[in-house]
Amino acid sequence: MEAPTESSSSQQPVLHPELDCSWKPFDRNNYKQLLGAMDYSFLCAYAIGMYLSGIIGERLPIRLYLTVGMLTSGLFTCLFGLGYIYDIHSLGFYIFVQVANGLVQTTGWPSVVTCIGNWFGKGRRGLIMGLWNSHTSVGNILGSLIAGYYVSSNWGLSFIVPGVIIAAMGVICFLFLIERKHKPFFFSNRCLLLLGQESIGVCVPVQQVVVLKSEAEPSAISFMGALRIPGVVEFSLCLLFAKLVSYTFLFWLPLYITKTAHLDAKKAGDLSTLFDVGGIVGGILAGVLSDKLGKRATTCAVMLLLAAPTLYGFSMMSQFGLGPTIGMLLVCGGLVNGPYSLITTAVSADLGTHKSLKGNARALSTVTAIIDGTGSVGAAVGPLLAGLLSARGWDQVFYMLMTADFLALLVKESHIHLGCPGCV
């Protein structure tokens, strides 16, 4: 349940081993390609919709926009599970639900990052957003555990239960979300003059009055205006490659563990959650380091540099039993998801409040959507490439992941070389 509406992405990977065994049209001969197509349809819709979502969200009340997105996300997630309940075997049905789900879930991330950015300043933003962003990994873990619990008995419930949860949270969001801090000012008057019919002034002691200051809001930034903010393009491209690696792990790790460690779907799903556990630690660590150093780009670059050989180490160590696999999963999760977390939270908030905007806070949603939308292109391409390359052997998949990681590092190095004040 990422950010906070990406609820179907953590369920489907756990179902990969189950669907290839017994559920048409995902038969044994071409299940990898079909599952890859479903993953791609969801992520491609999410990537395209994200660019529009930020622009729309900048112009609507965040609370209402986020609530509608969470309710409709719950609806489409439940629809996917109902395909099992009502014995629907049409590939078109599942792809339609995935595309619709991908579109409505784009309401989530720009909205929540904008809310957090409105509430907290830049000083300790890395730490605060690193802690806050752990909800994405917690959602992935819960989604995988719920899916794993039902996967062998009734995989439809693997979608219906999370769908109900996200819809219920949408109602809570509508009732209790406060979009931003208000700046009050005070009347210091200690008495109030009351005029009656006879125009006689009466001085009545009153309590201090708090009035919420209302200021005319500046107009929302345009798409091209957001692209011109220094650092937006570079960080967007870096996230494209970083998210490619992260989402390939998210979507294909359970199946990889099933095939290499010879575990059943439930155990593989449970084990794959360790990647997200490492991601929680990595996201917090990246935030703390970037606050201490004051250099978010450099923090990302160091973690990306360490991630590439770690990915190769995971592909080697996973063949030597459960213990080494667990250790490498935790390390890989931290190094891969650390930069990903930092870019989608603190960096996006920094750029959305960049000094070139001259105090205009109505750029956060659009900047966040551009960065995450570009990253989601990588998230869409990664699982698709993994589905194609895995037919030639899992080594090819890991070579692809390491290449993407090095490309993310190259983009980041070019950004550091050019220099972006406040971001390096």
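The values are calculated or read from the model by the stated rules, or taken from the named source; none is laboratory data. In this text, all values refer to a predicted model and were calculated from it rather than measured experimentally. Backbone-built Cβ (ideal geometry, glycine too); neighbour counts: all protein chains shown. Just so you know, the surface numbers come from the protein's heavy atoms only, side chains and all, with ligands and any DNA or RNA stripped out. Shrake-Rupley method; radii C 1.70, N 1.55, O 1.52, S 1.80 Å.
A compact table of results
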{"read-out": "Condition check for G334: at positive phi and out of contact with any Phe, Trp or Tyr (no Cβ under 7 Å at 6 or more places or on another chain)", "value": "no"}
{"read-out": "Of all residues in segment 82-93 being aliphatic (A, V, I, L, M) and touching a residue at least 40 places away in the same chain (Cβ under 8 Å), the one that is nearest to S152 (Cα to Cα)", "value": "I85"}
{"read-out": "Residue that is modelled with the highest pLDDT [pool: residues in segment 117-128 that are open to solvent by 30 Å² or more (accessible area, probe 1.4 Å) and part of a helix (DSSP H, G or I)]", "value": "I128"}
{"read-out": "Test: residue in segment 143-155 that is surrounded by fewer than 20 Cβ atoms within 10 Å (Cβ to Cβ) and within 21 Å of V277 (Cα to Cα)", "value": "yes"}
{"read-out": "Per-region count, segment 233-244, residues buried (at least 24 other Cβ atoms within 10 Å of the Cβ) and out of contact with any Cys (no Cβ under 9 Å at 6 or more places or on another chain)", "value": "5"}
{"read-out": "Residue pairs meeting the criteria (Cβ under 6 Å; at least 6 apart or on separate chains; first closer than 22 Å to V381 by Cβ, in segment 246-261; second in a helix (DSSP H, G or I) and polar (S, T, N, Q))", "value": "S246/N337; L253/S272; P254/S272"}
{"read-out": "Neighbours by Cβ (under 7 Å, 6+ apart or cross-chain): first from segment 397-414, farther than 15 Å from L239 by Cβ; second open to solvent by 70 Å² or more (accessible area, probe 1.4 Å) and modelled with pLDDT under 90", "value": "F398/Y312; M402/Y312"}
{"read-out": "Residues located in segment 57-78, provided they are open to solvent by 50 Å² or more (accessible area, probe 1.4 Å) and within 26 Å of Y247 (Cα to Cα)", "value": "V68, L71, L75"}
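For every residue, the table says whether it meets (1) open to solvent by 30 Å² or more (accessible area, probe 1.4 Å); (2) free of Cβ contacts under 8 Å to residues at least 60 places away in the same chain; (3) assigned to a helix (DSSP H, G or I); (4) under 20 Å from G269 (Cβ atoms).
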site	(1), (2), (3), (4)
F80	no, no, yes, yes
I95	yes, yes, yes, no
L103	yes, yes, yes, no
T107	no, no, yes, no
T114	no, no, yes, no
G130	no, no, yes, no
V138	yes, no, yes, yes
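Listed here are the residues, each with its yes/no results for (1) among the aromatic types (F, W, Y); (2) surrounded by fewer than 17 Cβ atoms within 10 Å (Cβ to Cβ); (3) modelled with pLDDT of 90 or more.
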position	(1), (2), (3)
Y312	yes, yes, no
V331	no, no, yes
G352	no, no, no
K355	no, yes, no
L388	no, yes, no
M400	no, no, yes
T403	no, yes, yes
S414	no, yes, no
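Each row is one residue, and each column tells you yes or no for (1) open to solvent by 10 Å² or more (accessible area, probe 1.4 Å); (2) under 26 Å from Y46 (Cα atoms); (3) part of a helix (DSSP H, G or I).
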position	(1), (2), (3)
D291	yes, no, yes
I326	yes, no, yes
Y340	yes, yes, yes
S376	no, yes, yes
